[in-house]
Amino acid sequence: MAFGRGAKMDGRRPSSPSSSMCTTTTVVVFVALCMVGAWMMTSTTVFPVEPTSNKKSEPIEVSTSNKKTEVKDQRAEVGFGETDEAAKSGSVSSEKFEDTDNNDNVPDESHSNRDAPEEEKFPENTMEKPVEMAEEKESPKEKEDSKDSFDDANGKSEGQSAKEGGVTGQSGDEEEKITTDNDVEKSDGEKKEDQEGKSEDDATEQPQIEEKVEESGEKEPAAKANEAAESKNEKEAQAASKSSGDEITYSWKLCNSSAVTDYIPCLDNEKAIKKLHSTKHYEHRERHCPAEPPTCLVPLPEGYKRPIEWPKSRDKVWYSNVPHTKLAEYKGHQNWVKVSGDHLLFPGGGTQFKNGALHYIDTIQQALPDIAWGKRSRVILDVGCGVASFGGYMFDRDVLTMSFAPKDEHEAQVQFALERGIPAISAVMGTKRLPYPSRVFDVIHCARCRVPWHIEGGKLLLELNRLLRPGGYFVWSATPVYQKLPEDVEIWNAMSSLTKSMCWKMVKKTKDTLNQVGMAIYQKPMDNNCYEKRSEDSPPLCKETDDADAAWNVPLQACIPKLPIGPSVRGSKWPEMWPQRLEKTPFWIDGSRVGVYGKPANEDFEADYAHWKRVVSKSYVNGMGIDWSKVRNVMDMRAVYGGFAAALRDQKVWVMNIVPIDSADTLPIVYERGLFGMYHDWCESFSTYPRTYDLLHADHLFSKLKKRCKLLGVFAEVDRILRPEGKLIVRDDAETISELESMAKSLQWEVRMTYAKGKEGLLCVQKTTWRPKEIEASM
């Protein structure tokens, strides 16, 4: 060949066109593979999000560890309690009705989702699954249906949540956002349904995905194995969760208190009580909270059992749950409580109604038909309630009773009431106002309540006057009404003089012939005319600077607050009849003020109620596997308008609505609806016995509390008041949800459901009977 020699000289063969192309292709493929590999490594950790509104696009950071992933969302912020002008300028309205904590900008989900432009509501992780996102465009119908997804923790948007800001870090169909401890129980078919996006039309089926523990009543072997592994070592039980890469260890110990299983930190503070200079006004029964909230756990009584369900619990409870017999010995002849084998029996009697509370209740209405139980009179206060049989039988007349009595005056009386499923708190009429707003109770009742109303200028009766609604009734059943002993006559004369000077009119004095007791019924005036015509200003009218609604740690005042003037002022007229008052916007709430969530107050109220009706119906009642027949005592730890409680009306429960002291003062609205509640500071313990609530609900509470106190102490308080097998439902920001979940796991609580979308999260956990063995050092 012509080129044979040349080839031998340099040891190379001349390149042909085909070999040159092959070499070039190899190089290109190699470079491309390198580039794809580099892209894949970077794209699994950070990817951009489409900008929301006018905000600049920011990356979303995703952890790829086995922990839950936190996704940072750029949700439009909404200021609470701001007018439109204030929202634009950054200033906050000064209306008292508004939320006092406007810096959180954590609105109720329904309000933020409805008000924000669509692109601000659910920013999609467009680079998360490039192929699927390119092929599957969200239809206008789907986009519209996604609005209320987090509101209800339900429906199609839950199925889509992996793409809309849910937990990521896994690939493909494994990016399911709703997480429960029962995933191991689901069949492959069920898991596949969980992982697929569903339309809003499937919302009725979706709740089955969220929670299934109580439907079966038993756990699968895998779940049992997990429990056994968790309880194998107590150190593991006391510890351990990881957050943001740092390990947080919780070491729990039993409380070391002489109250043992009945420990109430703010009522059993022996050091503070010993330092009191006087107990003349029951100062030793008032609240004296420790400087630092306890972080210990209250032990269970030996042999503790699941409480008997309502309504059977009204008649009997397990003795082992409330192992106290002194009251049965002391008050058994009055049919308060009796011991019978493993049970404590409650015949329904009381000091003034030995033959039953229901007959006594009906006697009051027969004497004064205008009292109209369950219609005109819906919310009442029972002072010195004993075991609260009066309030327990008031449920038969569709009346809600706030009962209270001091701790230990009659052993465990309030604890008996709560174990029976009857609302009550431990409190005393001492030196401070009761934790309720003014002019909210339709009726106040006292049956031998052992309160000296007539002494010291009538200071204690004047506190009832503050609480009683204008036109409301005070029912007083006590020996001075119907006995003629010298002491009784003296008290009756003093009370007659005092009530007359307060402009209370005695509308009825009658006798219950069956129980052989008498009662006097007084009515508070509707206006100030009588006050202005008094010959003596005694008791005096309160100063204009005195806020009658201020009730947290406020000393009692021996004065009469002036009644509201004007047709649009709260208290100037009686609420709607029950049950209409539950749903109707109170007449004194209008668009002239800004509501808690930023809308005109009347619209805010209506939107809040619509939101909670939807959430309760779709998620809480039908979506979490909660057996509501086992739920009786419920607390809303941050109630706002009482919408959550109102939405539970069809359930056989009662709800204690708590308005935190640093929140907007919306508690009068709760009462106007025919519901009840009280003020409280969650940096302190609540005035109730341990193990008294079946379900606690907290909507954006804990994230606010973190600014004022440590969450560990608050969670220990939650553990104290929640019954074993009781549920805690929390809606809050994702960071707070993660903290609370870690604490719950350290207590060996069962995580029933977790859910998150961007910065917002939902958690449902169930308390167990686990208690640590170690006792803390002396308190």
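The values are calculated or read from the model by the stated rules, or taken from the named source; none is laboratory data. These numbers come from a predicted model, not from an experiment. Here the Cβ positions follow ideal geometry from the backbone for every residue, glycine too, while neighbour counts run over all protein chains shown. All accessible areas refer to the heavy atoms of the entire protein, side chains included, with ligands and DNA or RNA removed. Shrake-Rupley method; radii C 1.70, N 1.55, O 1.52, S 1.80 Å.
Just one of the listed residues (GLY356, GLY421) is in contact with a helix residue (DSSP H, G or I) (Cβ under 9 Å, 6 or more places away or on another chain), under 30 Å from GLU329 (Cβ atoms) and modelled with pLDDT of 95 or more, and it is GLY421. Only residues that are under 23 Å from LEU464 (Cβ atoms) and of a type outside the set (A, V, I, L, M) were counted in segment 512-524, giving 5. Out of SER313, SER320, SER340, one residue alone is out of contact with any Cys (no Cβ under 9 Å at 6 or more places or on another chain), farther than 22 Å from ALA357 by Cα and among the small types (Gly, Ala, Ser). It is SER320.
Candidates are the residues of segment 441-480 that are among the hydrophobic types (A, V, I, L, M, F, W, C) and in contact with a Phe, Trp or Tyr (Cβ under 6 Å, 6 or more places away or on another chain); the one that is most open to solvent (accessible area, probe 1.4 Å) is LEU460.
Figure legend. Inter-residue proximity from segment 463-482: first residues assigned by the TED database to the domain that holds TRP552 and closer than 16 Å to MET429 by Cβ, second residues buried (at least 22 other Cβ atoms within 10 Å of the Cβ) and among the acidic types (Asp, Glu), beta-carbon distance below 9 Å, spacing 6+ or different chains. Indicated pairs: LEU468/ASP442. Just one of the listed residues (ASP396, ASP382) is within 25 Å of the chain's Cα centre (by Cα) and either open to solvent by 10 Å² or more (accessible area, probe 1.4 Å) or touching a residue at least 60 places away in the same chain (Cβ under 8 Å) (or both), and it is ASP382. Regarding ILE669, is this residue under 15 Å from the mean Cα position of the chain (by Cα) and over 25 Å from ASN622 (Cα atoms)? In short, no.
Restricting attention to segment 651-685, which residues are without any contact (Cβ under 8 Å) to a residue 40 or more places away in the chain and within 22 Å of GLU286 (Cα to Cα)? Across segment 651-685, the qualifying residues are ASN657, ILE658, VAL659. Once segment 531-554 is narrowed to residues that are of a type in the set (Gly, Ala, Ser) and farther than 20 Å from LEU434 by Cα, the residue that is least open to solvent (accessible area, probe 1.4 Å) is SER538. Once segment 309-320 is narrowed to residues that are in contact (Cβ under 8 Å) with a residue 12 or more places away in the chain and assigned to a helix (DSSP H, G or I), the residue that is farthest from PHE346 (Cα to Cα) is SER313. Please indicate, with yes or no, whether at least one residue in segment 321-332 is assigned to a strand (DSSP E or B) and surrounded by fewer than 20 Cβ atoms within 10 Å (Cβ to Cβ). No, segment 321-332 contains no residue that is assigned to a strand (DSSP E or B) and surrounded by fewer than 20 Cβ atoms within 10 Å (Cβ to Cβ). Among the residues that make up segment 503-514, is at least one of them farther than 30 Å from ALA550 by Cβ and in a helix (DSSP H, G or I)? No - not one qualifying residue is present in segment 503-514. Report yes if some residue within segment 410-426 is crowded, with 24+ Cβ neighbours inside 10 Å, of a type in the set (Asp, Glu) and under 16 Å from PHE474 (Cα atoms); otherwise report no. No, segment 410-426 contains no residue that is crowded, with 24+ Cβ neighbours inside 10 Å, of a type in the set (Asp, Glu) and under 16 Å from PHE474 (Cα atoms).
Every residue, every condition in (1) touching a helix residue (DSSP H, G or I) at 6+ places or on another chain (Cβ under 6 Å); (2) part of a helix (DSSP H, G or I); (3) open to solvent by less than 50 Å² (accessible area, probe 1.4 Å), yes or no:
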| site | (1), (2), (3) |
| --- | --- |
| TRP252 | yes, no, yes |
| ILE264 | no, no, yes |
| ALA291 | no, no, no |
| LEU300 | no, no, yes |
| TYR304 | no, no, yes |
| LEU344 | no, no, yes |
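Just checking, does segment 269-282 include any residue being buried (at least 19 other Cβ atoms within 10 Å of the Cβ) and without any contact (Cβ under 8 Å) to a residue 12 or more places away in the chain? Taking every residue of segment 269-282 in turn, none turns out to be buried (at least 19 other Cβ atoms within 10 Å of the Cβ) and without any contact (Cβ under 8 Å) to a residue 12 or more places away in the chain. Look at segment 335-361: where a residue is more than 19 Å from PHE395 (Cβ to Cβ) and outside the structural domain of ALA388 (by the TED database) and a partner is open to solvent by 20 Å² or more (accessible area, probe 1.4 Å) and of a type in the set (Val, Ile, Thr), sitting 6+ places away or on another chain with Cβ atoms under 9 Å, you get VAL339/THR325; HIS343/ILE308; LEU344/THR325. So GLU583 ticks every box in (1) open to solvent by less than 40 Å² (accessible area, probe 1.4 Å); (2) closer than 16 Å to LEU667 by Cα but one. Which box is left unticked? Among (1) open to solvent by less than 40 Å² (accessible area, probe 1.4 Å); (2) closer than 16 Å to LEU667 by Cα, GLU583 violates only (1).
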